[in-house]
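What follows draws every value from the coordinates through simple rules; no lab data is involved. Note that the structure is a prediction, hence the values are computed from the model and not measured. All Cβ positions, even for glycine, are placed from backbone atoms using ideal geometry, and neighbour counts span all protein chains on display.
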Amino acid sequence: MNFDISNIGIYCGVHFLCGVTGYSECMEHLQIVTAWDIRKYSSKKTIPTYEMIEAVSFIGSGSELLACLGIELANIKEKAASYFLTVGERGVVRIWCLERYNSLYLHPLLFFAYFCSTCNQWLFWSSAVRFACSSSKHLM
Amino acid sequence: MAFLVFCSSLCVFEQQTSDVTVNSENEETRRGFTSAVMLPNDQGLLCVTADQQFLFYCPKRTDDGTFELSLYRRLIGYNDEILDLKFVGEEEQYLAVATNLEQVSYS
């Protein structure tokens, strides 16, 4: 699916991760972070953050920070660029896992986007649906 | 009309309290952090605040096994007007700086 998203927000930060096929950017207005595959020129994931994000940074797989978090290095070798942090107007550091499939102890939320032809922009909202596990068979 | 469905990523950690100082007069204009970068060689994380402070964090595990980001250094990048200075501490190893901000800083 191809669509032009250049008019839906102001980019406030971009961060590349060397050695992998992705980078992330944050949109201040929409309070989202988007991870892109720069080889395919396609977005991998859009993450709502509910905060005006000012900066985003990937966390390297060998970082002491991840080790202190209790994240096994063996688990993230196959999923490089899986972890990143964000900071913004709330003044707190948040650490995110890009791949939701490698963890079952937190519940993902389902988000929808709707393109409004009147105002010519994408509108986002979330449902209150929570899932018992991250398996795709529970999405419906 | 087009619909897209997004599944969120997981927030695995969030600081419970902010280390960004709050100025009550300009609270509405405060913007928290403006930048963050991972330091090389496992030196931790550097965050920059809207009032031009540099906050250095290192990852740490508490005694009860929970993860936290420990603030180990704070550099004041902008003092505005310095009104008074005073050496403090038993050996006067610290310097307290009173500015026209609400906080007293020391180094």
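Amide H of A:Ile59 versus every other amide H placed in the peptide plane: which residues, excluding those fewer than 5 positions away on the same chain, fall under 5 Å?
A:Tyr83, A:Phe84, A:Leu85
Partner chain Cβ atoms within 10 Å, averaged over the residues of B:43-53 - can you pull that number for me? Intermediate values should be presented prior to the final figure.
On the way: counts 1, 3, 8, 1, 8, 3, 2, 3, 0, 0, 0.
The mean count of partner-chain Cβ atoms within 10 Å per residue comes to 3.
Please compute, for peptide B:69-75, the average count of beta-carbon atoms on other protein chains lying within 10 Å of each residue's beta-carbon.
Details: counts 6, 0, 0, 0, 0, 0, 0.
So the per-residue partner count for this stretch is 1.
Using a basic spin-label model with each label point 7 Å from the Cα along Cα→Cβ, how many nm lie between B:Asn100 and B:Gln16?
3.8
For the residue pair A:Tyr50 and B:Glu68, what label-to-label distance in nm results when each label sits 7 Å from Cα along the Cα-to-beta-carbon direction?
Placing both labels 7 Å beyond Cα along the Cβ direction yields 2.3 nm.
I'd like the Karplus ³J(HN,Hα) series for segment A:57-68: coefficients 6.51, -1.76, 1.60, θ = phi - 60°, whole numbers in Hz, and an x wherever there's a Gly or Pro.
8, 6, 10, x, 5, x, 5, 5, 4, 5, 4, 5
Using 0.36 nm times the number of residues separating B:Glu92 and B:Gln52, minus their current alpha carbon distance, what extension gain do you get? Present the calculation step by step, with values, prior to reporting the outcome.
On the way: separation 40, 0.36 × 40 = 14.40 nm, distance 2.67 nm.
The B:Glu92-B:Gln52 span can extend by a further 11.7 nm.
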